[in-house]
Structures are given as structure tokens and as C-alpha cells.
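Reading through the C-alpha cells given below for one structure.
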Amino acid sequence: MATMKLGSKPEIFVLEDLTWRCMTELESDVVVEVGEMSFNLHKFPLLSRSGVLQRMISEYLPPADGGGMCTLQLDDIPGGAKAFELAAKFCYDVKIELNALNVVCLRCAAEYLHMTDDYAEGNLITQAESFLTDVLANWKDSIKALETCEGVLPTAEDLHLVSRCITALASKVCASDAAASLLRNASVDKDALWNGIGSGDTPRGLPVASSAAAAASGMDWWYEDVSFLSLPMFKRLIQAMEAKGMRAESIAGAIMFYAGRFLPGLKRNTSFSNALSGFGGDAGSRNITPRAANVSAPSEGDQRYFLEEIVALLPTKKGVASTKFLLGMLRTAMLLLASPLCRENLERRIGAQLEDASLDDLLVPNLGYHVETLYDIDCVQRILDYFMSSTDGLGTGYTSPAVAEEGGSGLGAPQAGTPSSSLSPITMVAKLMDGYLAEVAPDTNLKLPKFQALAAVVPDYARPVDDGIYRAIDIYLKSHPWLSESEREQLCRLMNCQKLSLEACTHAAQNERLPLRVVVQVLFFEQLRLRTSIAGWFFVSDNAAAEADGARPHPGGAIVPKGARAGALAEAEADTDAEAPEGKEETITDVKARVSELEKECKSMKQEIRRLGKPRRSWSLLTRKCGFGAKVQQAQPAMNGK
């Protein structure tokens, strides 16, 4: 911390029972009272430095009895007794030390006392201003100086000390942000150079030391320092950073850190009062300030005001604030009964990036006066509606039904090995909502219309597979056994039986909770899938048999007659010889061997189908009517809904 020493004489002030006495040969002839403190001083040192004290002493009228010393009242001096003590020592040329924690208060006190160069050269105002320039050149000292401005408002505002501190801080942070951005860009350019060779030079215009520090510490190095500021000062600092072009990601990161420090709902912390009360006077400790020391706990109104201000301060850019943080703020806003505008703002922000939410964070407890369900279903419904009504276009990642059909298989089964990162946002939200529905389904107070309304918001094409919604429906049916047959059928319309996996179909075919019509649909589509698979195998087998009998399948799929075998075979062999590389020709023996292998596989598959095609229990008559001759898989899957 920067310091500056003034004065040359040794200490001559002694404190005795809230009274400062000047231990000199001359007796004191003036008493200055500042609050509870009294200063027994001499007129001449004060007259030679302060215009206000000169005027007050000249205008002083002694009592009628003529007794007593000249007594002056300075209760409204900025900085109080501590600031006047330093000013008085300066008048006596006693050694004092200026630092970042007292220079602002001393500068305001000097202005109040009118200690200009008109009364003495190099007076206190000039000395304080000179040292303040050095303070604002350092980040840590600027933070401390801004903290002490809280105790001397509005004098610090009138002297533009607050704005000078904020401008200095914002300039330093924005310069560091720009340096880090240039270093990142330089790193990308270096990696993209031809043959991987880069110069490794520091970006032009940036000092080597500052560039290295920015790269090593990251962009969050200043978050903790500014989190000790009061809310008004923090707001002004953030607004100054935005005005200077600070990146929204860095601003949002600082706001999230600040909110997490003081909101009990986000992070357990007892220092919330610091954010509202400010740092007044000589704030030597950053954990408890003199003004906040007497505050035991923040009121609910203070917390509500704090939260609403933080929400309004967040950048509007999508994705800069994490969805987890926004959902935590929403839960806290509901607990504190924040304004509807604040909650709507949070719900819209969450809806815009709902694909990044996790299921645990989405389970918002119901805190309403009339609690019907365990979780706030209406809140999630609004968030989902905001997501679906987003006008972000391609940025939202919506996939049209035509594109969804082209990207999936014929029956909606997902392709193996597809990474989750390749899923569109709406598909990720559909999976998230299926999990949410499964979590809230056991609630017996959850009405069927509300469950249906929430599940129906996600379009059918957003779900490549309907196993998730089937699981949620099964859990709901298990927890609500009193539903009528028509209500069960109405609920099951939420899923598409054609898009169930083989495991889900096997489970659904034996699920007694499902309506009979749904079971029939599941069996029918499973039979259709099986027939399609068998037809493909029969096509291969017939072509292999025709090849063995003297015919050869045409490239287009037709069978070449036996009489035309010679010409076609010769032509095909000529084409094969022309196209195949040297040493890679396929002989007739290889073709016959492959055909023989296909015949064996087809024969074993038919035997397996006959073995599995025996009817079981009460389903035998139903499967015969439907033409369902086999089940591809008998193993009972571990479905949670069973």
C-alpha cells in the first residue's frame, strides 16, 4: 500500500479520557469539539492553515462572565474526529502518514476546513491531491479509497472523488480484459500458423509483465476485490465498465460472484449487510465494517431489494450468466417474494437457455400460499413456454420435423454412437422435460390436465425416442391408480408408440397399467418392425438362392433369367475386371462361399423365429389376431416405471 509522510516534528498529542491535549509549554487557548472528542489546541497554528477555523475564531463571542476558553463545534466535519486529528497534527507540523485508507477522508476534511494554498503554501488540500494521484494509479489502493468514500458522502461526490476512483478501476479492468482477449487471439493465430511455427511475441502495445499477468491469472482476478464494495458503488463500477466496452461475460462473472457472496439463498454467508451498508470511516477489516458491526442480520426487505438490483444489473446477452445461477436466483426470488417483474425477467432468461439446465436445478419447490404440488409446475411451464416462443431462429437450435425425420431412423430409434453434443437444443430440452415429468409424476396432488399440458408443450419431432415420456407416463399411472380408462388413453396419447425402443416395447406389452388399445398399438408396430427386418433377410436369401440356381441378381435388384446368364455374367465380369484394382479380383468361388454363409444364417434365423413364435399365456390369442409371430428379445428390461 502506498504511503506518504508529512510533517517533521515528533508526536505532541496525548489522548486522555476522550480529550486530545497538545503537550507544549504554552497553555491551550481554544477547544474544538468533534462529536464526543475534544481537542485542546492553540489558535495560531489553526489560524495559519484553515480559513474556516480562522473565521470561527474571529467570530467567537465569549460568555458574559468572561470565563472559559474559546470553544468551537465541528460536529459535521467529514471523517469525524479521526480526520480532524490528522488535520490538526498537520497544522502543528507533526509527523503523519497518508495512505489509501485515510487520504479520502483527509481530503474531504481539508476541503471542509478550507485548507488551501491561500493560507499556506503546500497546504493540506494540495498534499492530499498529490498523494491521491499515486493512490489511483494502483488497483488495490483504488479499491480501498473507493471503500472509504462511503463514510464521507456527499462531500466525496462533490469533490468527484467517487467518480475518479470508479474511472480508475474501470480503466484498469477493461485494459486487462482487452489484453487477455489479444493474448487469446494471438494464441489462436499462433496455432494456426503454417507448419505450427509461431513467433511467440507479445501483442503490440501491451507490456510484457501485464500481458503475462493477465494470461496467468485469468479474467476473474478482480472479482473478489470488487465484491467487498457496497451495492451502490458496485453498480456504478459495473456501469462504468459497460460504458468502456467491457465484455458481457466478464461483467456477468463479477455479478454472479458478488451475488453468491451476499445472498444467503445462493451461498451461506453472514456478511450480507456489508453489501448494503457500505464501508465507512477507517475500514481496516474487509469482513466487518464499523457501520455493519451493529447489524445482526439483513432484513427480508433488504435482501429483496438487493436481489432485484442484481437481476436488473445482469447483461442481457444470452448465455453469459449460467442457468444454474439463474435458477438459484429464481428460487431465492420466490422465497423473498420479489416483484413479478423480477421473477419474469429471470424466467425469460432461463427459458432462453433452458437446454443448459440440469434436472436438479429445475426442481423448484412450491413456495406459494396455496401449495398443491411439491414442485412449482407452473413456473417450469412458463419457462418452457418462453423457450418454445424464443425468436432466436437458428441460434435456438430448433429442428423442423422434416430435418428430424431425415436425421433419424425409420422408426425413430437413435443412431448408435451419436454424441450428446450433436443434439439440438430442443432435443436436449425434450430429454430434460421427460426427466422432469418422471420426477414430478409420483406427486398424487398433480392433476392430469397439468401433467398433460406440460408434456404437450414439447413437439413430437423433438423426441428421437419416446422412452422417456413413456417412463413418466408409467410412473404417473402407477401413482394415480384411480384414473378411468378414458383418462388413461388420453394420457397415453402423449407418446408415439412407433418411437419406442425394443426394451420399452417389451415392457409396454406386459404392462397391465396401460390401456388395452395402447398395448395393441405397441404390438402392431413391433410386428411391423419385425416384418421389415425379416423381409430384408428374405430378399438377401432369395437373391443368394437365385445365384446358386444359375441366375444373378441385377444391380437394380431384379433377378436375371437363367437363359441370359452367359451374356450377363460375361458383361458383369468384364465390368468387374475393368473396375477392380489389379490383384483384387473377386472369383466365383468367393461369391459361392458368401452365398453359402448367407443361406446358413437365414436358415438359423428361421429356426430361431419358429422357436420363439410359440404363444404365451393370455397374449396368445391377441398375438395371433395381430399376426405377431415372435418377439425379438425376451429379456425383461429394468424399467423404473414397472
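The values are calculated or read from the model by the stated rules, or taken from the named source; none is laboratory data. These figures come from a predicted structure and were not determined experimentally. Cβ placement follows ideal geometry from the backbone for every residue including glycine, while neighbour counts extend to all protein chains displayed. Keep in mind that these areas ignore ligands, DNA and RNA; they rest on the heavy atoms of the full protein, side chains included. Shrake-Rupley method; radii C 1.70, N 1.55, O 1.52, S 1.80 Å.
Among the residues of segment 305-342, not one is crowded, with 20+ Cβ neighbours inside 10 Å and without any contact (Cβ under 8 Å) to a residue 24 or more places away in the chain. Total residues in segment 495-510 satisfying the condition of being out of contact with any Leu (no Cβ under 8 Å at 6 or more places or on another chain) and either surrounded by fewer than 20 Cβ atoms within 10 Å (Cβ to Cβ) or aromatic (Phe, Trp, Tyr) (or both): the figure is 5. Looking at segment 76-118 only, could you name the residues that are hydroxyl-bearing (Ser, Thr, Tyr) and surrounded by 17 or more Cβ atoms within 10 Å (Cβ to Cβ)? Once the filter is applied, which keeps residues that are hydroxyl-bearing (Ser, Thr, Tyr) and surrounded by 17 or more Cβ atoms within 10 Å (Cβ to Cβ), segment 76-118 yields TYR92, TYR112. Restrict the check to segment 74-85 and report whether at least one residue is farther than 24 Å from LYS144 by Cα and modelled with pLDDT under 95. Taking every residue of segment 74-85 in turn, at least one turns out to be farther than 24 Å from LYS144 by Cα and modelled with pLDDT under 95. Could you please let me know if GLY412 is at pLDDT below 90 and touching a Lys or Arg at 6+ places or on another chain (Cβ under 6 Å)? Taking the combined requirement at face value, the residue satisfies it. Count of segment 511-553 residues, restricted to those that are open to solvent by less than 40 Å² (accessible area, probe 1.4 Å), assigned to a helix (DSSP H, G or I) and modelled with pLDDT of 80 or more, is 4. In the set (1) in a loop (DSSP other than H, G, I, E, B); (2) without any contact (Cβ under 8 Å) to a residue 40 or more places away in the chain; (3) closer than 25 Å to GLU150 by Cβ, the condition left unmet by ASP117 is number (3).
Of the residues making up segment 119-132, those that are buried (at least 24 other Cβ atoms within 10 Å of the Cβ) and over 46 Å from the mean Cα position of the chain (by Cα) number 1.
Checking each residue in segment 473-489 for being open to solvent by less than 80 Å² (accessible area, probe 1.4 Å) and either in a helix (DSSP H, G or I) or touching a residue at least 60 places away in the same chain (Cβ under 8 Å) (or both) picks out ILE473, ASP474, ILE475, TYR476, LEU477, SER479, SER486, GLU487, ARG488, GLU489.
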